[in-house]
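Trainee: Pasting in a structure now, in structure tokens, and then I'll have a few things to ask.
Read-outs: derived from the displayed coordinates by stated rules, not from any lab. A quick note: this is a predicted structure, and the numbers were derived from the prediction, not measured. In this analysis, Cβ positions are derived from the backbone assuming ideal geometry, glycine residues included, and neighbour counts consider all displayed protein chains.
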């Protein structure tokens, strides 16, 4: 089959590799309906994350089950499924508390920018759709696998809701879908922080009521200006740098909530500032599995259209161009057709 | 009157100073029924916090109103009152959300290790007891002013409650009263981390079910051993150092809550570890004012006895010895009699 392999920074190639096979009785093999590049894939692409050697890329997926291991009971070949970027048993105490991405048996997912992939712990990880979805729903279901589920978690972690002003730091797919999630949760006012017109437009379409183009301290001042000097009730952080984390904390009022989902890179939070900020801080790898049934329902009922974040579609063979387009911010998120 | 002045590290003197006077129409003057030394007073005492010059010490207080400014309407001379270590208007949006210690008009309190003190924003800050309390309740009411209110906030921030295992990092007065608060909130299991016998005993008396004497990584391992390898649901951090914060975060399960109230000193939280820890982090200066009515009721009804943290009583003139006894950990908390 064809699969996307990263050989090093800025060196992404689509190559012919062996088809994946069932390794554990709890595995499933799925044929990808679509694949995509994640903002977090850009960390190794840009050399910020070290990769040990050639790495099969991709952790977002939606597709059709083609084979299951002998212990798999909840999904079967022919079913269309969506899963999360962490495989989880969905039965342990941590899973049952809603933190499947912290499952005691969790396994990372890799290799979804390909034709086929192996999904471990299939029973706990995969959620089947009621029937094979229409083609127009596939991008949204793929988004549910990570960027939507992550934005959703961030909005919950930030306690977005009725009467709340929500600020969103980061205008990548996750930040934009954080806007969508905050709107779904009933937030009164949603301030998207973005200086890119196409992203501003999509933010508005997803429910943003205000756009702030400033960043850092200037951006914080603008948020305070818009909130009686107090800061937002809820702030979604979807970047993962020191600047963006501090921007998020400083944009939040005393007693407010920061939901952070940008994978922290070189972030060190100054304890005394955090102490006196009085914010609630919660985040980490989103427990997407918790939200999948609800997200799938909303997508299939056309209540949300998260697939709108894909503003460029390429054949799988052009994965290298997909990485370049996202790296250069020419595209918000690229859909790859296997 | 007599007041406690810190002239520099380890230089505490009780001196005769002018009586405080009403400076603003919203002020009240109170005669202290008792005073005390706070763990946080040890930061400047030990030279970790810089003081600009001679400083009137003390921010915990309970006593009788002797004079009020012209704008004060809710308390009057003769009433017994308890307040918090931050004066607050109790009417702004932040106060109304329960974060009086983040009040937009908040003012620090100082000078309560004395015979008399001035309390700003008296209407918002002070809570009167139904009648003049019996002497035996005075230590508890004084504790409510800070250490009890702070332990209470920490237990709420850590979401201690039924079915939860709570670990408490720090065996000072705040940590011990965090144990008491967790018990009041119905926690199933409370693990006090302490290596001092007298503090262990008081922790048990306040409701601790387990004692862990190890610290740092070894302490974390013990907490994991006691919680099926997962960590506690709720962890109260009541120290404020890098080691104690990391001990708290690492002792908490994925999805669990850290309530931190030790004033952070030289703390820098590593972003990536925090990200993957999946904990909720909340803390800061406790909004004691929010809890005072409830705490006063519980104390006067003899449902809790937080005054037990005072294990040494000295006349105000011996304040210097009070600081020494706490610095050397000969006393958990010292009550000063003006």
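Trainee: Suppose each label sits 7 Å from its Cα in the direction of the beta carbon; what would the residue A:311-residue B:297 distance come out to in nanometres?
Mentor: With each label point 7 Å from Cα toward Cβ, the separation is 5.5 nm.
Trainee: Using only Cα atoms, find the angle between the long axis of helix A:147-157 and the longest principal axis of chain A, and express it within 0 to 90 degrees, rounded to the nearest 10.
Mentor: 40
Trainee: Is the C-alpha gyration tensor of the range B:202-254 telling us rounded, prolate or oblate? Criteria: a/c under 1.5 is rounded; beyond that, a/b larger than b/c is prolate, otherwise oblate.
Mentor: Oblate is the answer for the range B:202-254, as a/c is 1.5 or above yet b/c matches or exceeds a/b.
Trainee: For peptide A:94-104, compute the average count of partner chain beta-carbon atoms within 10 Å of each residue's beta-carbon.
Mentor: Neighbouring Cβ atoms belonging to other protein chains average 4 per residue here.
Trainee: Determine the gain in length on full extension of the stretch residue A:49-residue A:13; use 0.36 nm per residue of separation and subtract their C-alpha separation, reporting nm with one decimal.
Mentor: My answer for the length gained is 11.2 nm.
Trainee: On the principal axes of its Cα set, how long, how wide and how thick is chain B? Give whole Å, largest value first.
Mentor: 58, 39, 37
Trainee: What is the protein assembly as shown by shape, rounded, prolate or oblate, if you read a ≥ b ≥ c off the alpha carbon gyration tensor as root eigenvalues and call it rounded for a/c under 1.5, prolate for a/b larger than b/c, and oblate otherwise?
Mentor: In terms of gyration-tensor shape, prolate.
Trainee: For residue B:76, which inter-copy label distances result when the label point lies 7 Å beyond Cα on the Cα-to-Cβ vector, reported in nm to one decimal and in ascending order?
Mentor: Nearest to farthest, the other copies are at 8.1 nm.
Trainee: Moving on to the next point. Measuring nothing but label to label, 7 Å from Cα along Cα→Cβ, what are residue B:272's distances to the other copies in nm, shortest first?
Mentor: Result, one decimal in nm: 2.7.
Trainee: Here is a further query. Under the rule of -39500 (n - 2.57) per DSSP H run of 4 or more residues, summed and divided by the residues of the protein assembly as shown, what mean residue ellipticity at 222 nm is obtained, to the nearest 500 deg cm²/dmol?
Mentor: Mean residue ellipticity at 222 nm (helix-derived): -8000 deg cm²/dmol.
Trainee: As I understand it, the value is the acute angle between the Cα axis of helix A:288-300 and the longest principal axis of the Cα atoms of chain A; what does it come to in degrees, rounded to 10?
Mentor: 90
Trainee: Per-residue Cβ counts within 10 Å, from other chains only, averaged over B:261-270: what number is that?
Mentor: Mean shielding by partner chains, rounded to a whole number: 5.
Trainee: Counting only DSSP beta bridges with both residues in the protein assembly as shown, what percent are antiparallel, rounded to the nearest 5?
Mentor: Of all bridge pairs located within the protein assembly as shown, approximately 55 percent are antiparallel.
Trainee: Antiparallel versus total DSSP beta bridges in chain A: what percent is that, nearest 5?
Mentor: Counting only bridges with both partners in chain A, antiparallel ones make up about 50 percent.
Trainee: Still on this structure: Cα axis of helix B:173-184 to longest principal axis of chain B: angle in degrees, 0 to 90, nearest 10?
Mentor: 70
Trainee: In nanometres, what is the gap between the two model label sites at residue A:42 and residue A:225, each 7 Å from Cα along Cα-to-Cβ?
Mentor: Going by the 7 Å Cα→Cβ label model, 2.7 nm.
Trainee: Residue B:328 versus residue A:104, label points 7 Å from Cα toward the beta carbon: distance in nm?
Mentor: 4.7
Trainee: Here's something else I'd like to know. Quick one: with label points 7 Å out along Cα→Cβ, list the inter-copy distances for residue A:22 in nm, shortest first?
Mentor: Taking the point 7 Å beyond Cα along Cα→Cβ, the inter-copy spacings are 8.5 nm.
Trainee: Note down the relative contact order for the range A:57-190 as a percent, whole number, built from C-alpha pairs under 8 angstrom at least six residues apart.
Mentor: Values: 228 pairs, mean separation 30.6, N = 134.
Reported as a whole number, the value is 23 percent.
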